[in-house]
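Written out below as structure tokens is the structure these notes cover.
What follows is calculated from the coordinates using simple rules that are stated; it is not laboratory data. All figures in this text were calculated on a predicted structure; none of them were measured in a lab. FYI the Cβ positions are ideal-geometry reconstructions off the backbone, even for glycines, and counts take in every protein chain you see.
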Amino acid sequence: MATMRDIKRRIKSVQSTQKITRAMKMVSATKLRRAQERAEKARPFFQRTQDIIRGISATIDPDQHPLLAHREVENITVLLFTADRGLCGGYNHRVIKMVEQELGDFPSLKLITVGKKGRDVLKSRGYEITRDFVDIPDYPSFDLARELCQILVDDFIQEKTDQVLMAYTRFQSALSQRPLLLPLLPLEKREMDPQEGRREYIMEPDPYTILDLVLPRSVENIIYGALLESKASEFGARMTAMDAATENAQEMIENLTISYNRARQEEITTEISEIVGGAEALK
């Protein structure tokens, strides 16, 4: 049975942990507000860019640009976004689990990881990590998306990979984040609505020159959008996890306080019984 000193020591330890989790929750909440604002402001632009590119690709010959060429899939590259740090609930686990469930049995799977957690977990499980990017800022710049795009586009054009997928977490709310596996290369064609009709795009000087300029930019935009969504999801998941940890710590403190009071009452009762017994013995 734990003594009063042991229980009091545990209470102090849990109180110290609670102070840390409460502080981490407040920091994550502050970062979330800014990250959420950036992600939501960028979302319509990136979504519209993706729709326009799909619309253009639906009206032209795929052979006009290598980023539109569909080949037999023998090699797949996955761009995976996770966090550099833990303490964010199931945020990292969900997106890693999705990749393993969807592509874990594919024989020629290569990964480019953004974040330490995805890199460390998948590397320990025997997956091939070709490139890794760690220590990502809380509010990443567009330069990282540009660098990732250049690597993926070069590998695809040189036929080092036949398909590029992007695994990230889409922010919905602080309590809800959704892992997604998005085809990135070759760029998808949009299914044309028969009632909408075929939309023709006039391109100057020629389609290949325009596509050669626009398509890599669109890939950069999509990657940057996923990066912002992932950061917002990370902060939301961490804030929720720290809030739950703070509440659990408070519950532990209350239970330990009850145990401490019971032990104190038992000790007082024992002392009174000894005093009464001693007094009776002296009579």
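Quick one: length gained pulling residue 102 to residue 71 fully straight, 0.36 nm per residue minus the C-alpha distance? Before the final figure, lay out each step's value.
On the way: separation 31, 0.36 × 31 = 11.16 nm, distance 1.98 nm.
Length gained between residue 102 and residue 71: 9.2 nm.
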Virtual spin-label span in nm between residue 267 and residue 250, 7 Å along Cα→Cβ: 2.8
The chain: radius of gyration over Cα atoms, expressed as a fraction of 2.2 N^0.38 Å: 1.50
Kyte-Doolittle mean at least 0.0, axial Cα span of 18 Å or more - DSSP H helices of the chain: 142-157
Alpha-carbon spread of segment 66-140, three principal axes, descending order, Å: 40, 26, 17
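Grab the Cα-Cα distance for residue 139 and residue 6, subtract it from 0.36 nm times how many residues apart they are, and report the gain in nm with one decimal.
43.5 nm is the gain from fully extending residue 139 to residue 6.
Let me have the relative contact order for the chain, percent, based on Cα pairs under 8 Å that are six or more residues apart.
On the way: 383 pairs, mean separation 92.0, N = 283.
Relative CO of the chain lands at 33 percent.
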Expected 222 nm ellipticity per residue - DSSP helices of 4 or more, -39500 (n - 2.57), all of the chain, to 500: -21500 deg cm²/dmol
nm² value of the averaged projected area, convex hull over the Cα atoms of segment 75-115: 2.8
Exposed-loop-free span, longest in the chain, where GluC sites (Glu not before Pro) count as exposed if DSSP calls them loop and at most 11 other C-beta atoms lie within 10 Å: 73-190
Inter-site label distance for residue 173 and residue 42 at 7 Å from Cα along Cβ, in nm: 2.4
Separation between Cα centres of segment 226-283 and segment 81-106, rounded to whole Å: 34
Farthest positive-ward along the chain dipole, Cα basis, beta-carbon charges - from 226, 205, 86: 86
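Can you give the charge dipole size of the chain about its Cα centre, rounded to the nearest 20 debye, using +1 on the beta carbon of Lys and Arg and -1 on the beta carbon of Asp and Glu?
The calculation lands at about 1460 debye.
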